[in-house]
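Everything below concerns the one structure shown next.
The values are calculated or read from the model by the stated rules, or taken from the named source; none is laboratory data. As the structure is a computational prediction, the values presented were derived from the model and not from experiment. Positions of Cβ are generated from backbone atoms using ideal geometry, with glycine treated the same way; all protein chains shown enter the neighbour counts.
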Amino acid sequence: MKEAYWKNWAETVYFEPHQVAYPTSINEVCQLVKKANVKKQQVRVIGAGHSFTPIFVSEDYLLSLDKLSGIVSMDGQKQTAVVLAGTRLYDLAKHLAAKGFSQENLGDINMQSLAGAILTGTHGTGIQFGSLATQVVELKMVNAEGELLTINAESEVPLQAAAVSLGLLGIVVEVTIRIIPSPTYRFESKKMHFQDVLQNMDHFIAENRHFECYLFPYSDTVQIKMMNLSDQKPQSIRRHQLEALVVENYVYQFLSEVARVVPPTTYWISRLSAKAIGSSVIHAKSCDLFATARNVRFREMEYSIPLENVREALIAIRTKMAKEGYQVHFPIEVRMVKGDDLWLSTAYERDSAYIAIHMYRGMPYEKYFQDMDSVLQVYEARPHWGKMHNMNMDQLQRLYPKLEAFLRLREQLDPTGLFLNAYFEKLFAISNKGNVERLQNSVTFTS
């Protein structure tokens, strides 16, 4: 029986799977994979649908792990937690906090499933910390034969390959992650002039546990956010959260609609948004600070570049924007991540700065994104796997030194392409003409 059309959070991709399954146990996942194997049908897994690209699309079997959720066990001495793959990050944070623990770092959205965030290389900010995938100690994964594999530092399948594997090696059903005793943070937000941020960038990155900044188009004002350990008692942040919900969502939604209907207002709205940035200092736990509500829908492209190039890249972006005059009011987000050894990580073997470009839903983004892509490619920019980009296999091979090794491993573990879909077949030039044509005919992309 066919299901109704599915769509992602950003509403950039619509598709119609043949069958959707909600397994409630790991054994059920194994049986579903065996069944798909017999029928020679492909299987993809969807989490929260926060990817902007069709990485989760399947015309055959679509698996949701929403019912495979929760903490299996925790070890306070080893500081590890065993977590089912479908667990949403906000639920994980809440349950860890109840036991006095937290993850060492998170992104600014916590709606994703744990496995989805890990497998796509989702990251937070702070040069002492890697992406969420670097917190992984062990994975349990159902392979293309429907068998359960345990992947860790000693396994035949390298953990460095499996941690950021885009669901192409198998279905991750359980994850063991490192956790830390939950600290209290001092969070500070304020605005600065762009030149002052550039001048102090190295200091901000090195001296803050977590640092990020937001550039507002056509404004010299930059918002900076810093989080550092604090010995003060956590305070209630309900008022702060309510104000952020109202201003960053309801008010910003209204202004964004104005920008969409009357595009020339984007310049004024961006400057107004920058001017409205206030100063605040809050002491609270990480579960209250890392993530913020994001109800205003947008399109996003994000690239990782070597950290040493971040100042030059930001200057180049502003220069290009001033020259072209794009009608955009969404800020540009800049975050920092420690280098790692994960094969498909955007921070593979280099400390990295991440630059995220956004456009409000319904507004033309193509030229803006293409031009920003061209600006950033000068700095060997690697695309976030879950964000929009136009790269091809030749470009990706140059940017990801272990890509060929990963694809050989994928073919070894899944020779029939059970976990592929048309998007990955096209992206990685895996020969299957029929599937690529299906991608073009059955998946709807919207602006």
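For this structure, a couple of remarks:
- Positions within the stretch 96-124 being surrounded by fewer than 24 Cβ atoms within 10 Å (Cβ to Cβ) and assigned to a strand (DSSP E or B), in sequence order: Phe101, Ser102
Residue-wise test of (1) without any contact (Cβ under 8 Å) to a residue 24 or more places away in the chain; (2) assigned to a loop (DSSP other than H, G, I, E, B); (3) more than 22 Å from the chain's Cα centre (by Cα); (4) closer than 29 Å to Met388 by Cα.
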| residue | (1), (2), (3), (4) |
| --- | --- |
| Glu11 | no, yes, no, yes |
| Pro23 | no, yes, yes, no |
| Ser51 | no, yes, no, yes |
| Leu62 | no, no, no, yes |
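- Cβ-Cβ contacts under 6 Å between residues 6 or more apart (or on different chains), taken from a first residue in the stretch 106-134 that is more than 17 Å from Asn208 (Cα to Cα) to a second residue that is aromatic (Phe, Trp, Tyr) and modelled with pLDDT of 95 or more, are listed as Thr120/Trp385; Gly121/Trp385.
- Sole residue being more than 25 Å from Leu114 (Cα to Cα) and at pLDDT 95 or above, chosen from Ala153, Ala162, Ala206: Ala206
- Each residue in the stretch 256-275 was checked for being surrounded by 15 or more Cβ atoms within 10 Å (Cβ to Cβ), of a type in the set (A, V, I, L, M) and under 16 Å from Thr221 (Cβ atoms), and 2 pass.
Matching residues to (1) among the acidic types (Asp, Glu); (2) part of a helix (DSSP H, G or I):
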| position | (1), (2) |
| --- | --- |
| Tyr214 | no, no |
| Lys233 | no, no |
| Leu245 | no, yes |
| Tyr252 | no, yes |
| Glu257 | yes, yes |
| Ser270 | no, yes |
| Ser273 | no, yes |
| Gly278 | no, no |
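- Filtered residues of the stretch 145-176 (kept if of a type in the set (Gly, Ala, Ser) and touching a helix residue (DSSP H, G or I) at 6+ places or on another chain (Cβ under 7 Å)): Gly146, Ala153, Ala161, Ala163, Ser165, Gly167, Gly170
- Total residues in the stretch 407-422, condition of a type outside the set (Ser, Thr, Tyr) and either more than 30 Å from Leu63 (Cα to Cα) or in a loop (DSSP other than H, G, I, E, B) (or both): 7
- Screening the stretch 287-406 for strands (runs of 3 or more DSSP E) wholly inside it with 2 or more residues that are modelled with pLDDT of 95 or more, in contact with a strand residue (DSSP E or B) (Cβ under 8 Å, 6 or more places away or on another chain) and of a type in the set (D, E, K, R) returns the ranges 298-306, 332-337.
- Looking at Ala284, Ala291, Ala347, Ala322, just one residue is among the small types (Gly, Ala, Ser) and out of contact with any Phe, Trp or Tyr (no Cβ under 8 Å at 6 or more places or on another chain), and that residue is Ala347.
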